[in-house]
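First the structure, in the form of structure tokens, and then the observations on it.
Nothing in this text is a laboratory measurement; each read-out follows from the coordinates by a stated rule. Bear in mind the structure is a predicted one, so any value in this text is a computation, not a measurement. Neighbour counts run over all protein chains shown; Cβ positions are idealised from the backbone, glycine included.
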Amino acid sequence: TTTETLLEVSNIEVIYNHVILVLKGVSLKVPKGGITALLGGNGAGKTTTLKAISNLLRSERGEVTKGSIRYRGEAVHAADPAELVRRGVIQVMEGRHCFEHLTVEENLLTGFYTRKAGKGEMEADLDKVYSYFPRLKERRKSQAGYTSGGEQQMCAIGRAMMAKPETILLDEPSMGLAPQLVEEIFGIVKNLNEQEGVSFLLAEQNTNVALRFAHYGYILESGRVVMDGPAKNLRENPDVKEFYLGMS
Ligand code: ATP
């Protein structure tokens, strides 16, 4: 059986401020139903890759100068960010970006408004999000700015789920969180993938946790993919063990 490719990035180059070449020909594929990890150290180009996909580079004076990005076979780099959302791709930015002055529940509801659906469906989907994130249910009336870092990350993912996405681009979900919370959040991502069929492309510096939950991984170094393979193979690769998993 062949799995359908949702997202295909082919040999993209990204330049900031017309001169700084940051991505030097990055290619990757996100299959339907998979969790794909984009790994690499600080500054390797993970965030830039996600922003290139969701067309968020312009505000950073960045530009895709070579290569192509396709979603279900159709070019996306010429599209505006809202169009990609309509096609089912939602990005959860690094640093979470909840609306601090809204309650957790109001934040979740902002994810729903891109859809043409009624109140009944809204309530059902809210309940569904709460079933995956019981902590958010407990905190639903709290102002998001006063919830913990972990809860804000959950809120950002929950809000993305309210848009009923086919694919979520998740930037550094582990950032700034205690190990136990990182496990909890990755566990929920896995459940959303298995039970709701959401495909994920996640950028992560924490190679160890990412390779335990992802199916496939790409390792970026200085704007190039230096290695890729099934997560299981990467976990057992001696170079990955030495340089990314801290074992040797
Ligand atoms: P992290 O998320 O840990 O910061 P990353 O792998 O996501 O790392 P990027 O944020 O994509 O890396 O950055 C890749 C490189 O691009 C870095 O060298 C960074 O300094 C540079 N860079 C990022 N944004 C800009 C910008 N707006 N202008 C110029 N250079 C930038």
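Descriptive notes on the structure:
- Chain lengthening between MET122 and GLU63 when straightened (0.36 nm per residue, less Cα-Cα): 17.6 nm
- Net charge dipole size for the chain [Lys, Arg +1 and Asp, Glu -1 on Cβ; Debye, nearest 20]: 300
- Longest exposed-site-free window of the chain, the sites being chymotrypsin sites (Phe, Trp or Tyr not before Pro) in a DSSP loop that have at most 15 other C-beta atoms within 10 Å: 114-248
- When the chain is treated as a GNM with alpha-carbon contacts under 10 Å, the residue of GLU184, GLU121, GLU196 showing the greatest mean-square fluctuation is GLU121.
- Average silhouette area of the chain, convex hull of alpha-carbon atoms, in square nanometres: 13.6
- The chain: most fluctuating residue of GLN205, GLN143, GLN91 per GNM, C-alpha cutoff 10 Å: GLN143
- Relative intensity, log₁₀ I(q)/I(0), of region 109-222 from a Debye sum that treats every alpha carbon as a point, q = 0.19 Å⁻¹: -1.05
- Label-to-label distance, nm, for residues given as LYS141 and ASN42 (7 Å Cα→Cβ offset): 4.2
- Stretchable slack from MET93 to GLN180, in nm (0.36 nm times residue separation minus alpha-carbon distance): 29.2 nm
- Aspartates and glutamates with Cα under 18 Å of LYS141, excluding same-chain neighbours fewer than 8 positions away: GLU100, GLU105, GLU106, GLU123, ASP125, ASP127, GLU151
- Charge-dipole axis of the chain as Lys and Arg at +1 and Asp and Glu at -1 on Cβ define it, positive-most pick from THR207, MET122, ASN193: MET122
- Dipole magnitude for region 192-248: about 100 debye, using +1 per Lys or Arg Cβ and -1 per Asp or Glu Cβ, origin at the Cα centre.
- For region 98-178, the Cβ-based charge dipole about the Cα centre amounts to some 220 debye (Lys, Arg positive; Asp, Glu negative; other atoms uncharged).
- Maximal additional length on extending the GLU74-LYS232 stretch stands at 53.8 nm, based on 0.36 nm per residue less the C-alpha distance.
- Part-to-part distance (alpha-carbon centres) for region 93-144 and region 153-212, which is given in Å: 16
- Cα centroid separation, region 15-51 to region 214-248 (Å): 15
- Against the rule of thumb 2.2 N^0.38 Å, how large the Cα Rg of region 123-169 comes out: 1.10
- Global size of region 142-197: 11.4, 31 Å for Rg and Dmax (C-alpha atoms, Rg to one decimal, Dmax whole).
- Structure remark: mean-square fluctuation, Gaussian network model of the chain, C-alpha springs under 10 Å; the largest value among PRO179, PRO81, PRO165 belongs to PRO179.
- Treating each Cα of region 41-188 as an identical point scatterer and summing with the Debye formula, the log10 of I(q)/I(0) at q = 0.18, 0.19, 0.21 Å⁻¹ comes to -1.11, -1.20, -1.34.
- Using a Förster distance of 25 Å, the FRET efficiency for THR3-ARG86 (Cβ separation, nearest 0.05): 0.60
- All distinct Cα pairs of region 6-66 go into the 1/r average, and the inverse of that average, the Kirkwood radius, is 12.0 Å.
- TYR16-GLU100 FRET efficiency (beta carbon distance; Förster radius 25 Å; 0.05 resolution): 0.30
- Summing charges over neighbours of GLU184, with a neighbour being any other residue whose Cβ is under 12 Å away from its Cβ, gives 0 when K and R count +1 and D and E count -1.
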